[in-house]
Structures are given as structure tokens and as C-alpha cells.
């Protein structure tokens, strides 16, 4: 079966897309009907070969556990993966992910979720001392690469990805998102151009608490991939989105860069701008480019990524893909098209189009937007 | 043994003069560094045996009266006993010596650059127009830490915790390859220095010391330390932006160099710090480097002498085990590794070495880059690729295979008029490049050729920008090492594997 994994003989998967995101800075929860409505306005930005959602704050009862969402092609794959999980993790709870038959999603893999934490006496401790997060990352990569017919599509805490092959509004019905509540939502509508739909290839792509939805094609994928491989990331999916997620994981989680600086790596300012900065700042930005030149995402993209502390939306350094943002009270909306925002928030306080490479960052702690990328005239 | 009065070796070229056009201005006599022409009372006479087809005479003949043709007198064709082999046997049987020549090998080996094709954007990702959008070629050479450590200052702004190691800033990913004063003329070096300064790139002194006239160009110069240690002193090490330790050269891996005493005039003697008229012999190995740990000592001796303020480069020839060698060099502390492929040029080298030793730069580069990445040390050093970069296309492909920058040697000399006649070793270069004869050197105007070098590198840089734009990226960083943008044609599986690229269509 060609469902969970990319078995097409392409170096990588290319797609155009639509995306949107909704966040409440005070962590007020809403159900999935708004995000569904919003992404459904962007129906024509996809072709029915991939849709998906990420939601944060949906598993408050298991907030301290890693929530693994795994798709299986067969029950034997499930048995193999569960053996691995049992050996390495304490499984607090496991269940089939509730899905609902709709006429539109007629063919799907077996979808299961586990609330787990790594065992303190797990076998790998004999060889190295990995933190829990690192061990989870390794486990996700191991399963996705080595276990045929199994694919982990969500592995964070108190968050989850729900995705599949189909238009996003149908995927929303399939998982019945109106019954799920969260304080941050992202959504994606996919238009793959070189592979037919496969479930694992739908967005969001997630790793730990990272979730990425992405519209674009990273023209620098070749070197981004080789750069990540140097740090032992395994790019099994061969998608741009996977590369972006790993770069963020490397920069923010491993290299401990502040989010804002990590973002300037992805869409770095041009030297002509850096040269005009003063002293320390110029030195810092020059060093960022010297060290992380291979992590620059070059080519058209608009991304929305969620993480434990908030949400970021940004464009590539010359804005080759659409991205609009709006805010209304504690809510911030981002989308490929303004219409998608107006569909769920008719009269926002402000609507703006973020400038190239300048991120919109919304973090929960601050309870406000502390950087409005390229916001003009305020 | 009595010397026979005749040679079997016939003239390779004929210098033919159309006596109807010739106005007896005698410019050809003046221009030819080889003494081919003389005045026979009423007309110019050619001694064909001296002609090397360097092109100087017909370029400067005001009447277009000269044509240089290949000597039509044949040596009987034989695919096995080729003309060159037969002539070498005659030559060596007449002299008992090693056959020496200048420039790179003339053998027709497979040129891998010519079997690699570049990618471009169509529909799914947009190409970028370099005439309308910024297109960055700036390149930094030197050790990069694998991660950035930052502090937060009093204003809550991030600042660098530790200073970056020293870097060479290049405005475009080209450098001029190492060519010493001695092997080439001072005017040729000056032309490169002027161009390097105008372009924001660097030239390289080679193992010939730094002439006083070039000291003001320090910010655009890499000074070299090679096995003869000519011209090396503390101020010399500190006078450029970086120091290069030369271990080997693509045209002559494993052997040293020899600048004959007759070329060591007052000026060169001063610059090289050796007596006038003595042979300048660079030994095959450095006499203080017999292993990798010795190299480490020299690298750190140079760093100590320069206060850790200049990157140290190590230049090696591409040989069979190059990946492991470069890995060792990087771990020994080099900040830059300069890899010279087997088609690289030289002022003089035995043909036996030049034509048969080493490996192609394309493959060496791909293997080195892959190896350093596997070991997680690729960012520890920058890589300069060299060994006949003939066009911007070669440069782009080298960068996509993993080079940080490429070095231009022969191409720079071609700018100055070089016709690649391969007779650099004789010191008679009619173009004033590889000669120390004052009347020949004088004709090479550094400003004229400095500008032409500037033009060439600018043109190539524009071409690289066009290609980057077509690929949909606006920084050279995004092409560097991106083999995914390369495809091979007419290559075997083994060759594709060695290059780390896929066949076209895959």
C-alpha cells in the first residue's frame, strides 16, 4: 500500500498550498469549526490530495506525556511498532483515534494514538545519555525510517496533528474537529505536483511540539538536507516541510537560539541591509549568515509553525508566496488569503500583509503580539 | 659522446609571412620572445623551429601578414605510437633529461564538468531575476563554529558571546591561484593585485615572497609558505589576509619546484631572500613535515606568528586518497583547504608527473565534501577548488559539488594574453607573463590587464547570478554543496557515485 510513506522514486516531494492559523494569546480554547471554515475558503489552493490540522491544548489530561499519533498500513506493522514502544516507553493510555465515516474520505490507514513517556531504564541508556526529547526524536525517526507500514505523524505534548489525503474540510469532518478544543490551530490544504497523495505527506509536519504548515518550494532543499544530515537528522520523508521542522529543531532546541534569531536564519536579511547595521548587531547578523548559510531557506515559502510557546508566521526573504495576518482582541489570524480570515472574523482590529522575511510572532506568555512583521502605518 | 649535429624533432609550427603584405616594420622581431624572426637584408626570415605558437607576433603584426600553421609535414600516423610519444623519445635520447613543460596536462582526459548539467525552476517554484532582485555572491572563507553562542545584553538584545574566528571576505567566490614572483613577472602579479582589490577578492603570492610594490595590497593577498620557505619572515606572514601552507600542486603532486639561478636577478633575490644567481629549489616535502602532526605544528606556528588573526590555508594536490588527507588537514587545524586537481597549471613540471599523477578536481571535491560532512567537520574549514576552472559554469558546478570558492590561475594568465603554449619554464614568454626579461615584462601593463581581469571575474559573477536566479535562489550559500541541483550525462554508475550526483532524468 502506498498510504503512509513516500515510496515514489522522487528525490523530494513538491507541492503548492493554502494555509491558515488561529491563536488565542490568553489560551482561550475554541473548537475546530473556525479553522475548518477558514481553510475551506482556500479550497482551490489544494487539489484534494492532502489536508490537515494541528491543534494545541487538546490533551490537557495528558499534558505531561508525549502524544504519539501513528498511522499503520497493517496490523502487523502495528504489532512491530508497539513492541518497540513497550520496550522503551511507559504507555499510560492508547486508543484508536476517533474518526467518522464521511462520504469523502473513503480510504484511510489505521490511526492510533499513544500517551507515553520514555522509560528511565530503557535499553539505549547502556550506550548514551539522551534527554527525553532527544530520545523521542530518535524514536520517531527510527519508526518512520525502519518500520515498514508505520508512520508517526505527531509526537508532542498536549498537541496533536490530524491529517490525511483529501480536502481539509473533509479531513476536519473525518476527525470531527468541532469536538476538539484548543487554543491554537493551524491548517493546511495541499496541492502536490509530483506525487499522488499519501497520508504521511499531508501537512502539518510535526516533531515534538513543532508543527509546520507550509506553502512553497524550498529551492535550497539540496543543501538544507545535507546540512541537517551532518547533525544526524534523517530526512526520510523527502519534503521541504520536514527540512524546515528539523532546522527549527536544531536552531531553537539544540543550539538554543532565541526564536526570533532562528527565524532570521531561515529568511536572513540581505548583506546590503546587514552592512548598514551598527557594530554589535552587524557582527551578530554577519556571524549568523556565516555559520548558518546552509540553513537559509531559499525559494518561495509562507510557513505557519506552532510550538509550545506560541505561533509564528513568515515569508521567504523576497516574499514569493502570499501571507496575510489579522488580529482581533486576543486572537491572531494568519492565512494565505485575507478572505480566509474574514470568513471567521469579519471585522478584525487590523489586517496586514507581513513584509518579506519579517515574522509575525505571537507568544502566550506575553499575552500580546510582540512583533508584527512589516506592519506599516501603525 | 659526440653530439650529433641534427635533431629528429622537426618544427611543430611554421611561422609564415606573406611577403606581399609585410612592410618590414620588424615588429614581429621585437615581439617574439623566442627569436623566431630575423631581418634578412630585404625581408623577414622565420626560424620555424623556434616558434611555439604563442600568438604574440600575429596579434601585433599591423598588416596581418603572419600566419602560424601546424607543420604539415607528418610523422606517420599510428594510434599506438602517437606523435608526442615519438618526439619525447627523440628528445630524451638527445638530451638524457626529463621532459619538462609549463601549464597543465595536455592529455585528453574526461572532463567531468562537461558531463554535469544544472537545474532551473519551472512553475512550481519561481525563478528570480537578478536584474531586479539582490543576488548574493558574498563568501567568507575560514573556520565557522558549528553553532552560534549568544548572550543577551542589558537591553534584552542578543549579542555574540564569542568572536568569530578570522574570515576572508570575498565579494564573489573567486580567488586568484598561487603564482609566485619568479614563475611569473611582477607586472603579472600587479595586474592580479589591482583586479583583486577592485573586485574585493584575493590573490596569492605563491612561494616567491612578497615584493615591496605589492605590500599596499595586503588586504587582497594570501601569502604562501612552501617547502623552500622563500621570502618568509614575520612581517611577510602578517602582511596578507591569510597564510597558505603549500604542500602540493595539482600539476605536480609529490614533487618540489626549481627556479633556475639565471632567473634570480636582484629583485627576485631580494624578495625570495636568496643570493643572486642561485637556484631556488623547493624540496619535494617540507623538511619539517613528515606526518600530519608535523603539519599541525606548522599550522600552529603560523597561527602563533600571526596572533591567531589570520586564517591558515593548506594547499594540497588531489590524489587518490584525498578525502582522508583533507579530513586529517582539517583536524590538524587548517581553516581553509585548497584542493588542486590534476589538470591544474604550473610554471614548470615534468610531463611524467603532470600527465599521469593525481585525480580530477570534480571527484576529489565531491569526495572531500562528503567525507567532511560524514565526520561532522565540514564547517571547520572552507574549501577552495582549483585545477583548470575554465568558465563560470565550471565554477558553479564546483560550488554545487561542495567548494566554498574556486581559484583561477591559467584563466587569469589567458586574460593577459597567454595562449597556453606551455613553455613557461623557458622564461621567454612573449606576453611578459612567465618571464623575467625586462624587455618582455615591460610590455605587460598591470593597469590594462588588471582591468581585463576585473572584467572577466565580473562577467563570470554575473553569469553565476543568472544561474542562481534561474535556480530560484538568491544567495550562493543556497547552491553551495547542493548536489541535488546537478545531474550527470554520459557517466557510468561508478562515476555518478563518486560525484554524488544522479543521472539526468532521475
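What is the angle, in °, between the Cα long axis of helix B:322-331 and the longest principal axis of the Cα atoms in chain B? Nearest 10 is fine, range 0 to 90. Taking the Cα atoms of chain B, the angle to B:322-331 is about 50 degrees. Counting Cβ atoms of other protein chains within 10 Å of each residue's Cβ and taking the mean over peptide A:295-305 gives 4. For chain A, with a Gaussian network of springs between Cα atoms less than 10 Å apart, report the residue from A:340, A:308, A:202 with the top mean-square fluctuation. Highest fluctuation among the options: A:308. Report the calculated FRET efficiency for residue B:266 and residue B:89 (r = Cβ-Cβ distance, R0 = 41 Å), to the nearest 0.05. Efficiency, rounded to the nearest 0.05: 0.50. Taking 0.36 nm per residue of sequence separation and subtracting the Cα-Cα distance, how much length would be gained by fully extending the chain between residue A:104 and residue A:37, in nm to one decimal? So the chain would gain 22.4 nm between residue A:104 and residue A:37.
What's the center-to-center distance, using Cα atoms, between the stretch B:232-309 and the stretch B:366-386 in Å? When both Cα centres are located, 25 Å separates them.
Under 14 Å from a point placed 7 Å out from the Cα of residue A:229 along the Cα-to-Cβ direction: which residues of the stretch B:355-385 have their backbone N that close? Zone members listed by number: B:366-378. Let me know the shape class of the stretch A:185-230, please: from the alpha-carbon gyration tensor, a ≥ b ≥ c as square roots of the eigenvalues, rounded when a/c is under 1.5, otherwise prolate if a/b is greater than b/c, or oblate. Oblate, since a/c reaches 1.5 and b/c is not below a/b. The ranking of B:477, B:394 by Cβ neighbour count inside 10 Å, starting from the fewest, reads B:394, B:477. Kindly express, to the nearest 10 degrees and within the range 0 to 90, the angle between helix B:83-95's C-alpha long axis and the longest C-alpha principal axis of chain B. In chain B, helix B:83-95 runs at an angle near 70 degrees to the longest axis. As a length-normalised measure over Cα pairs under 8 Å and 6 or more apart, the relative contact order of the stretch B:13-97 settles at 34 percent. Considering only alpha-carbon pairs that sit under 8 angstrom and 6 or more positions apart, the relative contact order computed for the stretch B:139-503 is 19 percent.
Extending 7 Å from the Cα toward the beta-carbon at both residue B:497 and residue B:7 defines two label points whose distance is 4.8 nm. Note on residue B:212 and residue B:258: the extension gain reaches 14.3 nm, defined as 0.36 nm multiplied by sequence separation minus the Cα-Cα distance.
Restricting attention to the stretch B:139-503, close to 25% of DSSP beta bridges with both partner residues there are antiparallel. Approximating the spin labels as points 7 Å out from Cα along Cα→Cβ, the residue B:304-to-residue A:86 distance works out to 6.3 nm. Of all DSSP bridge pairs formed entirely within the protein assembly as shown, close to 75 percent run antiparallel. Between residue B:390 and residue B:458, the contour length at 0.36 nm per residue exceeds the Cα-Cα span by 23.0 nm. The ranking of A:239, B:95 by Cβ neighbour count inside 10 Å, starting from the fewest, reads B:95, A:239. Considering only A:129, A:363, A:178, the Gaussian network model of chain A with Cα springs below 10 Å gives its largest mean-square fluctuation to A:129. Overall, the anisotropy analysis places the stretch B:101-163 in the oblate class: the square-rooted eigenvalues a ≥ b ≥ c of its C-alpha gyration tensor yield a/c not less than 1.5, with a/b not exceeding b/c.
Counting Cβ atoms of other protein chains within 10 Å of each residue's Cβ and taking the mean over peptide B:218-225 gives 0. With R₀ set to 51 Å, the beta-carbon distance separating residue B:77 from residue B:445 gives a calculated FRET efficiency near 0.70.
Footprinting exposure proxy ranking of A:185, A:199, A:352, fewest other C-beta atoms within 10 angstrom first, gives A:352, A:199, A:185.
Across peptide A:280-293, the average count of Cβ atoms from other chains found within 10 Å of a residue's Cβ is 6. Residue A:308 to residue A:254: FRET efficiency via 1/(1 + (r/R0)^6), r the Cβ-Cβ distance, R0 22 Å, to the nearest 0.05? For R0 = 22 Å, the calculated efficiency reads 0.90. P(r) tail for the stretch B:269-407: Cα pairs beyond 25 Å make up 34% of the total. For chain B, the longest principal axis of the alpha carbon atoms and the long axis of helix B:361-374 meet at an angle near 20°.
The relative contact order of the stretch A:54-198 comes to 42 percent, based on Cα pairs under 8 Å that sit 6 or more residues apart. Between residue A:121 and residue B:19, the modelled label-to-label distance comes to 10.8 nm, taking each label 7 Å out from Cα in the direction of the beta carbon.
Taken together, the values in this text are just the output of simple stated rules run on the coordinates, not laboratory data. Everything numeric here is computed off the predicted structure, so don't read it as measured data. As a convention, Cβ positions derive from the backbone with ideal geometry for all residues, glycine included, and neighbour counts pool all protein chains shown.
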